[in-house]
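Written out below as C-alpha cells is the structure these notes cover.
What follows draws every value from the coordinates through simple rules; no lab data is involved. Keep in mind the model is a prediction, meaning the values are calculated, not measured. As a convention, Cβ positions derive from the backbone with ideal geometry for all residues, glycine included, and neighbour counts pool all protein chains shown.
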Amino acid sequence: MNTQIIKIYDVLRDRKKIELAAAVIKDGGIVALPTETVYGIAANALDENAVMKIFKAKGRPADNPLIVHVASLEQAYGLVSDFPDDAKLLAQKFWPGPLTIILPKSEIIPKAVSAGLPTVAVRIPSHPITSAVIRESGLPLAAPSANISGRPSPTSAQHCIEDLNGKVDLIIDGGDCEVGLESTVISLATTPPRLLRPGIITLEQLRDTIGSVACDPAVTSETSPTWKVHSPGMKYRHYAPNAKITLVHGDFASFARFVEPKRGSVALVFDGEEKKLHITCITYGSEKNPAEQAKRLFASLRQLDEIGAQNVYARAPGKSGASLAVYNRLIRACAFQEIYLQR
Ligand code: TXA
Ligand code: MG
C-alpha cells in the first residue's frame, strides 16, 4: 500500500488536508492521526470492513476492542444504550480530553469494534486535528494507538512512520502529542465503576468526581489466566522495546551502586542522573514531574532500541497520581520484572 504523509499546522489554514483525511475515512480507508494522548489509527467505526483493516495493520488480536472517538455528546449518546449520571459528570469535567468511558453499547456498534463484548469504549478527544476529521467526515472514529501491537505507542509522526509506513492510507503529522500516554479508561458498566487503565486523569480525580471507583488489579499486576479480565488490552505484553528491562525501586544512591558494576547495561533514569553514572543512560523526564515522564516515556523506550540496548535497568516512578500511569506502562514494558533495593 502506498502511504501518503501530510503535515497539518493549523486546521483552519490546512482545511483541504482535513477534507482529504475525511474523504479517506468515508471511503473505508485508515488514517494515522495525532490525538492529545498518542497517535491513533482511525477508521469509520460503523464500517466493519474498515475496522478490520486497523486490526490487520497493527497485527492486533481480534479479541481486543477499540475506542470510538466522537466530537460531541450527542454523537456519544448514539453509540450507547445508556448514558448514566456518572458518565454525564465525567463528561462534563473531562471531555474533550484524555478520558475513555466504557458503557453498554448500542446496536450500531459493529462486533469487530467491541470484540464481541456488550460494551463500547467512548471518548471525545481534545486534539483539534482529530476533532476536525470527525466533524468533517460526520463519522465516529474507531482508533487504537498507531503502533504495531506490542510496541510502545507513538507520540510523534516519526514513530507512526516507523511502524505503519505502507500499512495505512494516510499519516497526518501534527507534531508531538501533549500527554504522551494513552487515555485513562474507566468502566461504568460495572458496580462500582472500575479504573481499567490509568492515565494523566488520575484515580483520585475520578473519585473526586463520582465517588467510589475500584482499581482493576491488572493496573498494577500481571493478569493470570484464571482472572476475569475486564480490559482485554491489559493481558498482552505491551510498550516493549527489544531490550530486557528491569524496573528498579529504591533511591538514586542505591540504584547507582546497583547499576554501576553492570558494564554493557543501559540505565533508564530521571533527568540529571545521567551525569552521575558511568554507564550509557537514556532519560525520561525529571523525577518530580510525572506529567513530563508521561510525555517522554514512549519516545525514551523507542530510543533504547535505536541505541541497541540489550539489558536495561530503569528507575521506578511513584505509584500515585499521574505516576500510576507511568508505572503501569513501565511494568508492562519490563514484563513485570521488578526489584526493590535496600538502602
Ligand atoms: O489515548 C487513547 O486512548 C488512544 C488514542 C488513539 O485515543 N487509544 C488507545 O487505544 O490507546 P488502544 O486500542 O491502544 O487501547 C484501548 C484500550 C485497550 O486496552 C482495550 O482493551 C480497552 O481500551 N477497551 C476498549 N474497549 C473496551 C471495552 N468495551 N471493554 C473493556 N476494555 C476496552
Ligand atoms: Mg494501544
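Name the strands (runs of 3 or more DSSP E) wholly within region 157-249 that hold at least 3 residues that are away from ligand 2 (no atom under 16 Å from the Cβ)?
170-173, 244-249
Looking at region 114-133 only, could you name the residues that are within 12 Å of ligand 1 (Cβ to nearest atom), over 22 Å from GLY199 (Cα atoms) and of a type outside the set (Gly, Ala, Ser)?
Residues satisfying the conditions are LEU117, PRO118.
Does region 291-312 contain at least one residue that is outside any loop (DSSP other than H, G, I, E, B), buried (at least 18 other Cβ atoms within 10 Å of the Cβ) and more than 21 Å from the chain's Cα centre (by Cα)?
Yes; the residues of region 291-312 include at least one that is outside any loop (DSSP other than H, G, I, E, B), buried (at least 18 other Cβ atoms within 10 Å of the Cβ) and more than 21 Å from the chain's Cα centre (by Cα).
Here are GLY199, GLY175: which of them is surrounded by fewer than 20 Cβ atoms within 10 Å (Cβ to Cβ) and not aliphatic (A, V, I, L, M)?
GLY175
Are there strands (runs of 3 or more DSSP E) fully within region 1-106 with at least 1 residues that are buried (at least 19 other Cβ atoms within 10 Å of the Cβ)? List them.
31-34, 39-44, 67-69, 99-104
How many of the residues in region 223-239 are more than 18 Å from the chain's Cα centre (by Cα) and more than 10 Å from ligand 1 (Cβ to nearest atom)?
6
Determine whether region 262-284 contains at least one residue that is within 30 Å of PRO65 (Cβ to Cβ) and either surrounded by fewer than 21 Cβ atoms within 10 Å (Cβ to Cβ) or out of contact with any Asp or Glu (no Cβ under 6 Å at 6 or more places or on another chain) (or both).
yes
Restricting to region 253-276, what's the tally of residues that are β-branched (Val, Ile, Thr) and in a helix (DSSP H, G or I)?
Residues flagged as β-branched (Val, Ile, Thr) and in a helix (DSSP H, G or I) within region 253-276 amount to 1.
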